[in-house]
Each structure stands twice: as structure tokens, then as C-alpha cells.
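To start, the structure under review is shown below, and the notes come after it.
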Amino acid sequence: MSEPASESSELREVTVGTQAGLDTADMVLNIGPQHPSTHGVLRLKLRLDGERVVDCEPIVGYMHRGAEKLFEVRDYRQIIVLANRHDWLSAFSNELGVVLAVERLMGLEVPERAVWLRTALAELNRVLNHLMFLGSYPLEIGAITPMFYAFREREVLQAVMEEVSGGRMHFMFNRVGGLKEEVPYGWTGRARDAIDAVRRRMPDLDHLIRRNEIFLARTVGVGVLSAEDAAAFGASGPVARASGLDLDLRRDEPYLAYGELSVPVVTRTTGDCHARFEVLLDQVYASLDLARTCLDRVDRITGPVNVRLPKVVKAPEGHTYAWTENPLGINGYYLVSRGEKTPWRLKLRTASYANVQALSTLLQGCLVPDLIAILGSMFFVVGDIDK
């Protein structure tokens, strides 16, 4: 298409096309901010040369709910309600980071039984998170069957999580000083049965997708993130470990009962979409084993699961930083208190926010058909970006 020259300096003759020998102009394409191919309300501003991505700018903030500001006018019990929602697939782990920060500032020692129960539930939450992506990621690139297998296993584990906490997504089971209440009678046995059932049937999902020819063609060598780039962007969790960054806080800076466990850290070196998927898949096996070990230990421990606290919980004046290995990566909680019942400041460092920044480098040079495969393999939750 050609435009005739005019007296206006803003108009010029431009030829847009893809045939050899023609001058071409890059196209700017918006993916989002509301689009079924994105994980929530994310906007990608792409500059294309034909079907090749020249530049990508992730634009976040469309879901921003001001959680960090709301923390400043909520007491420490109310904060847990808000905190477990920013990554809605990792609610238990989100709660955990907040209460660990408050307990550290207060100098609270949590009962041993609560520590081991928290660890078991955190690993079950990790499995639930990963199963969601193990089902949805193949769906995004054309394979519907894995979703049915992944959700079959999710429902088995959701049943035991719902029994113990009353919630399916937002568990609200952590409290400052321990857990909300003792688990139901016989629950640890039922949880072990659920873990064994999922462990036994995971090969159904594994064999269906891991070595599938079409899935391999869409993911191997696509969206390669180098270890250097992963470190530069502050990526963590499965995304970083798939690029060869051997970092896991459960092993490297243990919290809860992880210091007494042998935590297997699943890594790959290729850093492509398939490596990220494999890390997620193999982590499910590891987390199921860890959860079962914790439940075996719980059965040998008696005592309370929480510490009796005053009606109004006030953290002493000071500041602390607690970080945890959430299912999608490292989450940090920087708490500043002035001795009141509400925090003066509670800053979240979320895993998805750092991981998504790598898209600006990762999508450069890729083809539009590969864009969704790369985007999905970053395993992020948009609420975890916008908080």
C-alpha cells in the first residue's frame, strides 16, 4: 500500500510487504491486554518483521489491586487473606511467607508438629500448582488430553487439602504462631493414600506428553533462556533451574523442616520450553515424596499446632526479610513494623514479576507461531506480577 506524498511532514511514502526487494515497515502488534492466549490480563507490545518478533515489551499493571498498600491498614491476621491471593495457584505458600516474616520479627518459636505439617502442606500446594501448568501448557499448543489427566490428579489432592483447611484455592490455614487448628482425625493417612494414588498414576500423564513427537517439535530448542540471562533478570524457580541455575531455598537456605530433609533439586541445562516443562514434571515426583516423608514424621509427633497469642497481635518495632521457595520461584517478604497491629510497610518480591521480565529478551527473534509456546512455558500467574 502506498501513500502519495503531501505537504505534511508527517506523511511519507511507505511500502509494507514481505516480498524480496521491497522496502518493508515493521508492524506493532498488541497481544492483550485481554486475550485468551495470555495468562490473565497481560499485555505484550510486539514489533514484528513479517512473522518474526523484533522486539517485545511486557506491559503489566492491568490487574493491580494495591495489595501492598492495603497491607498497611490491615492487622496481621487480615493480611493473610490478601497475601494468599496474589498467586492464586500457590495460596498456602503465599500465606506461609507472611507468617514467617511476622514470626521472625516477634521471635516466636512455632511448635514442631506445626512446622512439619506446614512443610507437608507446602509441598502438596506445590504439586497442585505444577499440575495446573502441566495440564494447561500442552492445551495452549494444541493438546487437550493432558488437561484431563492433570485435573484428575489435582482433584485427588484437592480433596485432602479441602478437608484439612475448608478451602480449595485460598486455604487460609496458616496463622501467626502455627496453623489454624489441628488436622482431622485420620487425615494424615488419607493424605498419604492420595499421594500414593497420584504417584502411581503420574506416569499416565508423563508418557502421554513428555516424548510426544508433536510436543517435542513445538518445544525443543524454542525459547532458549541462558543461565546468564536468567540470573540477570532475577528469574527463579523452575524457569531458572531449567536454564541451569542450581538454586533452591529449601536446600540452600532452609526454612520450616527442610533443613532435616534431603531436598532433590531438579535442574536442566538447555533452557528451552521443553526443559522448563520437564523441570515442572519431575518436581511433582520429588514433592510428592517430600510430602509423604513429612506426613510420616507428623504421625510421630504430638503436641499443639499453634501458639496462644493475645487478641491483638503486634509485631515489635523493627524490620525483617523472609523469603521462601514458592512453586513458581522465590517470593520475598520485607516487613517493617513500628510496633503497631498493622505493618508500616510490607513489600512483596514475587517470582512471576521477575520471570516475566525475561520475555523482553526471550521473544526477540522468535516466530509468531512459537510465541504462545514460549509465553506459556514461563509458568506465571498475572496476579503475582501486579499484586
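Selection of region 58-79 for residues being of a type in the set (Val, Ile, Thr), open to solvent by less than 60 Å² (accessible area, probe 1.4 Å) and outside any strand (DSSP E or B) yields Val60, Ile79. All but one of (1) among the hydrophobic types (A, V, I, L, M, F, W, C); (2) out of contact with any Phe, Trp or Tyr (no Cβ under 7 Å at 6 or more places or on another chain); (3) open to solvent by 10 Å² or more (accessible area, probe 1.4 Å); (4) closer than 19 Å to Val382 by Cα hold for Ala83, so report the exception by its number. Looking at each condition in turn, Ala83 falls short on (3). Number of residues in region 104-120 that are buried (at least 21 other Cβ atoms within 10 Å of the Cβ) and within 12 Å of Gly178 (Cβ to Cβ) equals 7.
Within the span defined as region 373-387, one or more residues are on the phi > 0 side of the Ramachandran plot, in contact (Cβ under 8 Å) with a residue 24 or more places away in the chain and buried (at least 22 other Cβ atoms within 10 Å of the Cβ). Of all the criteria given as (1) part of a strand (DSSP E or B); (2) at pLDDT below 95, the one not satisfied by Thr324 is (2).
Screening Asp55 on (1) assigned to a loop (DSSP other than H, G, I, E, B); (2) at pLDDT 80 or above shows it passes everything except condition (1).
If you take the residues of region 345-387 that are of a type in the set (Gly, Ala, Ser) and in contact with a helix residue (DSSP H, G or I) (Cβ under 7 Å, 6 or more places away or on another chain), which of them is farthest from Thr324 (Cα to Cα)? Ranking the candidates gives Ala373 first. Considering Glu181, Glu162, the condition of being free of Cβ contacts under 8 Å to residues at least 40 places away in the same chain, more than 25 Å from Leu375 (Cα to Cα) and out of contact with any Pro (no Cβ under 8 Å at 6 or more places or on another chain) is satisfied by Glu162 alone.
If I ask for residues that are farther than 17 Å from Val99 by Cβ and either charged (D, E, K, R) or open to solvent by less than 10 Å² (accessible area, probe 1.4 Å) (or both), which ones from region 332-344 would you list? Once the filter is applied, which keeps residues that are farther than 17 Å from Val99 by Cβ and either charged (D, E, K, R) or open to solvent by less than 10 Å² (accessible area, probe 1.4 Å) (or both), region 332-344 yields Arg338, Glu340.
For region 106-149, filtering for residues that are in contact with a Gly (Cβ under 6 Å, 6 or more places away or on another chain) and either among the aliphatic types (A, V, I, L, M) or under 19 Å from Leu290 (Cβ atoms) (or both) leaves 5. Before we move on, is Leu328 crowded, with 23+ Cβ neighbours inside 10 Å and more than 17 Å from Trp88 (Cα to Cα)? No, not satisfied. Here Arg126 fulfils each of the conditions (1) basic (Lys, Arg); (2) at pLDDT below 95; (3) in a helix (DSSP H, G or I) apart from (2).
The values are calculated or read from the model by the stated rules, or taken from the named source; none is laboratory data. As the structure is a computational prediction, the values presented were derived from the model and not from experiment. No Cβ is skipped: glycine too gets one built from the backbone with ideal geometry, and neighbour counts run over all protein chains shown. The area values use the complete protein model at the heavy-atom level, side chains included, leaving out ligands, DNA and RNA. Shrake-Rupley method; radii C 1.70, N 1.55, O 1.52, S 1.80 Å.
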